[in-house]
Amino acid sequence: MKIAVINETSAADRNADILNVLENTGNEIINVGMKKNFEKPELTYIHTGLLAALLLNMNRVDYVVGGCGTGQGFLNSVLQYPSVICGLIASPMDAWLFTQINGGNCISLRLNQGYGWASCEKLKFIFERIFNVESGCGYPPHRKESQQQSLKTLKHISEISHRDFSEIIKLLPESVVRPVINYPGVLDLLNLDTLENGELANVIAKYID
């Protein structure tokens, strides 16, 4: 699995903690967000929500690990975009249930609120719960069929209730799009020349500095 780690400015100092836990999971880890709090160039959760959605919708990654101080900002930001199923994960139990019941492709972590002694261990337990169960398998087992149907319905709702991503990029404020597209390493990861959606590639290219 290819996993993007995307930190925003208020909790970027937690980036190293996340990477340390993920490095032994056997997945390909792409560290594409901020690494230190308030460094320049700076990304807020508005920017990281768009970046996460771009990577998922362009099939550049399979899963996104994001978050912010409370987890709420990134959660609400990324959920404004199509094809994103994100959960607010504050405990290993959240991780275990979200993975089985909701089968999501993105999580938002609380990286300042309640982040203290032994929080690195809690991160370890969270990722163990995510990667050691089958995504979307259902819990409890007798609810599997119903939950899988709900997930399918939710994905369909997302499709019909959102614009095409190229149109979204056109309509977003430049102050949101340009910092994301030009953030170090993002264009290499997007690899516009290989993008099947030519219209989206052309729209994104207009924001390259």
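The table for this structure:
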read-out: Region 161-209 - Debye-derived log10 I(q)/I(0), Cα point model, q = 0.18, 0.26 Å⁻¹; value: -0.54, -1.06
read-out: Normalised alpha carbon radius of gyration of region 109-209 [divisor 2.2 N^0.38 Å]; value: 1.53
read-out: Portion, in percent, of the accessible area of the chain that falls on carbon or sulfur, probe 1.4 Å; value: 50 percent
read-out: Radius ratio Rg over Rh of the chain, counting only Cα atoms, Kirkwood formula for Rh; value: 0.96
read-out: Exposed-site-free run, longest, the chain (rule: GluC sites (Glu not before Pro); DSSP loop; at most 12 other C-beta within 10 Å); value: 40-133
read-out: Lysines with Cα under 22 Å of Lys155, excluding same-chain neighbours fewer than 8 positions away; value: Lys2, Lys144
read-out: Relative contact order, percent, the chain [alpha-carbon distance under 8 Å, six or more residues apart]; value: 19 percent
read-out: Region 101-130: chymotrypsin sites (Phe, Trp or Tyr not before Pro) falling in loop per DSSP and having at most 10 other Cβ within 10 Å; value: Trp117
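The values are calculated or read from the model by the stated rules, or taken from the named source; none is laboratory data. These figures come from a predicted structure and were not determined experimentally. Quick reminder, even Gly has a Cβ in these numbers, built from the backbone with ideal geometry, and neighbours come from all protein chains shown. With ligands, DNA and RNA removed, areas are computed over all heavy atoms of the protein, side chains included. Shrake-Rupley method; radii C 1.70, N 1.55, O 1.52, S 1.80 Å.
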